[in-house]
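Worksheet: the structure to be examined is printed underneath.
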Amino acid sequence: MRKFFVSAFVLAAIFAFATSGHALQKSQGQFTGDYLDDWMASEATVTIHYYNICLGWVWVWSGFAADETFGTAFNNDAGGALVGSFQYFPTGAPPNYGFTGTAQVTHVEGSKPHLECLGGMIAQIPYLPSGAGWEFIAWGVPVASSFAVSYTLGDANGYGTPVNVYSDGPFACGVCFPTDRTTKSYLWGIGGTACPGSPLFDGQCYVEWLAAVTLKKAVAVESDSWGNIKNLYR
């Protein structure tokens, strides 16, 4: 997984964009980053993700409102410990310019699909994405069978956050994943108070953030059972 420094030119572009408005919008782009290993697993851990970018294209989402919460709800029937989470941020926010943020792990409440609300807090840390690749947060906290990893980003100067986020891309609906796929990616409103959350819709299909979690198993599972467990999440 690669990380890059933000050039002065990109930094200037960030501020130009940050002042351009707060309406969430998307543009298509080609994914040129590193791919997480598909179903990274060991005898002790399993990695879960729901996105599919088989064609190599992504939607680039921008223009998040200040303090708007977004993220992914994960389901893990066995429970266990959340080792860490991944999120792809192609563009971050420079420190020391009034941009703020938190990352949080919460319980998830409500019926599925598309009726999920953020519940009680499990863990929260100050967090400001630096951008240009996968970013990993080590959590090490126990989680129930349904939980969410979400982000709330803001700024002290009213510019709006310059952070961009990737999701499944154009042309993938019906090719990389079925059109009736149940999605897990949401916008939960200002401060995460919207209940239910709004699933991420690209105008044709519901799409997923490029996000993943790694879990430590709560109970022993025979190695030949991993295929069955993974199929629950595909």
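General observations
- The single condition from (1) more than 20 Å from A23 (Cα to Cα); (2) not in a loop (DSSP other than H, G, I, E, B) that V175 fails is (2).
- Test: residue in the stretch 53-73 that is in contact with a Gly (Cβ under 9 Å, 6 or more places away or on another chain), surrounded by 18 or more Cβ atoms within 10 Å (Cβ to Cβ), in contact (Cβ under 8 Å) with a residue 60 or more places away in the chain and over 26 Å from P196 (Cα atoms): yes
- Flag not set for L128, criterion: over 12 Å from L82 (Cα atoms) and either part of a strand (DSSP E or B) or over 15 Å from the mean Cα position of the chain (by Cα) (or both).
- Leading residue by the ranking (farthest from S150 (Cα to Cα)) among those in the stretch 192-207 that are crowded, with 23+ Cβ neighbours inside 10 Å and in contact with a Phe, Trp or Tyr (Cβ under 8 Å, 6 or more places away or on another chain): V207
- In the stretch 29-40, the count of residues that are at pLDDT below 95 and among the hydroxyl-bearing types (S, T, Y) is one or more.
- Residue within the stretch 143-165 that is surrounded by fewer than 18 Cβ atoms within 10 Å (Cβ to Cβ), in contact with a strand residue (DSSP E or B) (Cβ under 9 Å, 6 or more places away or on another chain), more than 17 Å from F64 (Cα to Cα) and touching a residue at least 40 places away in the same chain (Cβ under 8 Å) present: yes
Table: residues versus (1) aliphatic (A, V, I, L, M); (2) more than 16 Å from Y88 (Cα to Cα); (3) in contact with a Cys (Cβ under 6 Å, 6 or more places away or on another chain); (4) in a strand (DSSP E or B).
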position: V141; (1), (2), (3), (4): yes, yes, no, yes
position: Y151; (1), (2), (3), (4): no, no, no, yes
position: Y159; (1), (2), (3), (4): no, yes, no, no
position: V165; (1), (2), (3), (4): yes, no, no, yes
position: G189; (1), (2), (3), (4): no, yes, no, yes
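- Of residues in the stretch 199-233 being of a type in the set (V, I, T) and at pLDDT 90 or above, the one farthest from the chain's Cα centre (by Cα): T214
- Residue that is nearest to the chain's Cα centre (by Cα) [pool: residues in the stretch 72-97 that are farther than 17 Å from S130 by Cα and in a loop (DSSP other than H, G, I, E, B)]: N76
The values are calculated or read from the model by the stated rules, or taken from the named source; none is laboratory data. Source: prediction; values computed, not measured. With ideal geometry, Cβ positions are generated from the backbone for all residues, glycine too; neighbour counts draw on all protein chains shown.
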